[in-house]
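What follows is a set of notes on a single structure, which appears directly below.
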Amino acid sequence: MTTSNTALDYVIDAAALSKAYAGHAVVKEMDLKVPYGGCFGLLGPNGAGKTTTLKMILGQSPPSAGRLQVFGLEMPQATRIVRTSIGVVPQTDNLDPDFTVAENLQIYGNYFGLTKSELAPRIHRLLDLVELRERAGTRISKLSGGMMRRLSIARALINDPELVVLDEPTTGLDPQVRHRIWTRLRELKQAGKTLLLTTHYMEEAERLCDKLVVMDQGIIIAEGTPQQLIRDCVPDDVFEVHGDAQRVNSLLSVVENLRLEAVGDTTYCYTSDAARVVRVLEAAVDVSYLHRHANLEDVFLTLTGRDLRE
Amino acid sequence: MSASLSYSKTTDWRLPRLRRGALAVWRRNALVWRKLMGASILINFGEPFVYLLGLGFGLGHFIGDMAGMPYLTFLASGLVASSAMNTASFEAMYSVYTRMVPQRTYDAMLATPLDVDDIAAGEMLWSASKGLISSSSILIVSVLLGAVTEWTALWAVPVLWLVGLCFAGPALVMSALSPSYEFFSYYFTLVVTPMFIFSGVFYPIATLPAMLQAAVQILPLTHAIALIRPLVSGQPVTQVALHLAVLCAYALVCYYIAVVLIRRRLIV
Ligand SMILES: Nc1ncnc2c1ncn2[C@@H]1O[C@H](COP(=O)(O)OP(=O)(O)O)[C@@H](O)[C@H]1O
Ligand SMILES: [Mg+2]
């Protein structure tokens with residue numbers, strides 16, 4: 001199979017990739033290049049088209065238009081070869097309820113054509129990795145949500161994949177589990193795997209992703225490292241001011257170069273002149289405020305708006 | 001293929017390819033079955049015992065011989081064939097649908113090198129295997145009851161597996177189309193049960209009116225019984241090629257249709 005130049009540089013290389021359902025476009029002319037190594041984030045609100053994009057990468061959804069290469073191979077034609085080197089943690093767990101924890105890894109390994117003797121040491125290692133060794137003989141229905149998620153991660157690694165695709169890996173999990181999963185994912189990164197992660201938790205993206213794109217309504221609206229995006233898309237400082245919105249508005253009207261966004265009884269104030277804002281707010285007795293550095297969540301909300309999705 | 005343009009709205013009609021991946025799907029189901037083997041063996045042997053004892057001996061007492069054999073043998077050979085039909089149909093509908101929709105087993109498989117071709121082939125092979133297990137159980141019960149005494153009955157075993165494939169095919173098509181479990185009771189009521197009644201399980205089709213006799217020739221169970229009954233009872237088998245061809249045709253054509261429909265359902 002011939003490969004072009006770019007093929008060697010990128011795990012995923014999409015050009016004008018589009019997907020429409022019944023004439024309704026959900027991914028629109030997307031250009032996406034995911035380099036080898038590190039963690040690449042696909043951020044966006046619900047319905048942005050993240051899962052659809054991943055499905056096209058996995059050959060589970062044929063693109064409507066555009067071009068998509070994975071490992072330098074043309075999709076969807078190379079689906080079977082490509083899938084041998086990808087591990088997938090789907091958005092909704094689809095572990096096999098007819099089997100125990102260890103059997104799930106065994107059966108899934110069989111789908112890759114791996115033999116029992118190849119699988120035995122891997123299953124051992126993976127169960128240790130996700131701390132499910134004591135649960136090896138437990139049925140899936142007896143696992144907690146966090147355990148299922150960890151098992152899904154172990155399952156995604158059974159074929160020793162080059163690329164691991166994680167679709168909202170920590171959605172709905174409590175903070176302890178989430179932190180534990182982040183640790184595992186960082187280890188995977190260190191082991192040289194490429195991670196492709198979708199999330200709408202900005203904290204997750206900020207901690208894990210080396211590079212990310214923000215998408216909304218099927219379009220990539222920003223891309224870069226988390227630091228770049230924070231620097232480029234929002235001012236350095238944010239004040240969350242609690243109090244009557246009109247009152248806050250008039251208070252801060254004396255300060256230039258600032259953006260105000262009222263949400264209920266909170267007014268978000270984005271500014272690069274923090275000292276001035278502090279002085280104004282300190283002088284006022286009828287408002288309280290929280291001062292912090294801008295983060296990725298501010299970038300996200302600035303780019304995608306505060307309207308509720310789905 | 002030109003950069004996969006506007007690929008999604010059209011159906012993927014490509015011929016399926018048979019690969020080893022189908023065996024991994026078969027194996028998964030076999031392992032689940034092995035876990036629950038105790039209960040299913042009991043049902044496999046218990047039900048035919050009741051049928052053969054009740055109907056075979058009860059009716060047989062009044063009927064005596066039918067088509068040149070004891071009624072018990074006649075009925076047993078019909079039930080052997082129809083059991084392969086029932087079990088394979090049931091498996092390829094209820095169990096397949098469970099794996100495809102609520103359990104999302106196929107979604108998980110489709111993240112591995114398995115594709116729809118492998119899944120459908122594996123499910124058909126497995127449904128046929130289950131059909132074989134239940135129909136062989138009846139065969140064994142029939143031997144124990146003295147209804148089957150001929151060694152040629154062993155030849156029925158590979159044929160029963162083909163019979164299973166033949167019925168797994170249409171059932172898989174139903175699963176691919178089905179919006180819910182309710183759909184399957186229509187198929188059983190409108191297709192499987194009439195076949196059970198009209199294809200010669202309980203009486204020779206020669207006793208049907210001429211019109212009906214011609215009509216039942218399109219039903220696969222008629223051809224299955226035309227092969228199984230003489231093998232089980234030790235009578236000469238006629239028109240082997242025709243009967244085998246009908247069974248194979250149902251299996252292969254329906255496999256292809258099922259693959260196309262499941263692709264359309266899952267690869268969206
Ligand atoms: N099979 C489908 N048929 C029709 N519309 C779909 C289908 N799958 C997804 N969509 C729509 O495509 C849009 C993007 O969905 P998705 O990729 O799941 O978003 P995300 O993962 O970013 O939340 C949504 O509006 C969703 O309703
Ligand atoms: Mg999603």
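The values are calculated or read from the model by the stated rules, or taken from the named source; none is laboratory data. Here the structure is a predicted model, which is why all the values come from computation and not from measurement. In this analysis, Cβ positions are derived from the backbone assuming ideal geometry, glycine residues included, and neighbour counts consider all displayed protein chains.
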- Note on the structure: Residue pairs qualifying under the 6 Å Cβ cut-off, at least six apart or on distinct chains, with the first in region B:220-241 being within 25 Å of B:Gly146 (Cβ to Cβ) and the second being acidic (Asp, Glu) and at pLDDT below 95, are B:Gly234/B:Glu150
- Item | Residue, surrounded by the most Cβ atoms within 10 Å (Cβ to Cβ), within region A:156-208, restricted to residues that are polar (S, T, N, Q) and within 16 Å of ligand 1 (Cβ to nearest atom) | A:Thr198
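Listed here are the residues, each with its yes/no results for (1) in contact with a His (Cβ under 7 Å, 6 or more places away or on another chain); (2) modelled with pLDDT of 95 or more.
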position	(1), (2)
A:Met1	no, no
A:Ala15	no, yes
A:Glu29	no, yes
A:Leu32	no, yes
A:Pro45	yes, no
- Item | Wholly enclosed helices (runs of 4 or more DSSP H) of region A:195-291 bearing at least 3 residues closer than 29 Å to A:Ser85 by Cβ | A:202-208
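For A:Glu162, indicate whether it is among the charged types (D, E, K, R) and in contact with a helix residue (DSSP H, G or I) (Cβ under 9 Å, 6 or more places away or on another chain).
Here the answer is no, as A:Glu162 does not meet what is asked.
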- Given region A:20-115, what strands (runs of 3 or more DSSP E) lie entirely inside it while holding 2 or more residues that are more than 16 Å from ligand 1 (Cβ to nearest atom) and away from chain B (no Cβ under 12 Å)? A:24-35, A:38-43
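Take the conditions more than 16 Å from ligand 2 (Cβ to nearest atom), surrounded by fewer than 20 Cβ atoms within 10 Å (Cβ to Cβ) and more than 29 Å from A:Asp298 (Cα to Cα) and apply them to A:Gly23. Does it pass? Give the steps one after another, and end with the answer.
Details: more than 16 Å from ligand 2 (Cβ to nearest atom): yes; surrounded by fewer than 20 Cβ atoms within 10 Å (Cβ to Cβ): yes; more than 29 Å from A:Asp298 (Cα to Cα): yes.
Criteria met by A:Gly23.
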- Hey, which of the helices (runs of 4 or more DSSP H) in region B:67-147, taking only ones fully inside, have at least 3 residues that are within 14 Å of chain A (Cβ to nearest Cβ)? B:96-100, B:105-109, B:116-144
- Sole residue being on the phi > 0 side of the Ramachandran plot and either of a type in the set (A, V, I, L, M, F, W, C) or under 16 Å from the mean Cα position of the chain (by Cα) (or both), chosen from B:Ala84, B:Ala147, B:Ala67: B:Ala67
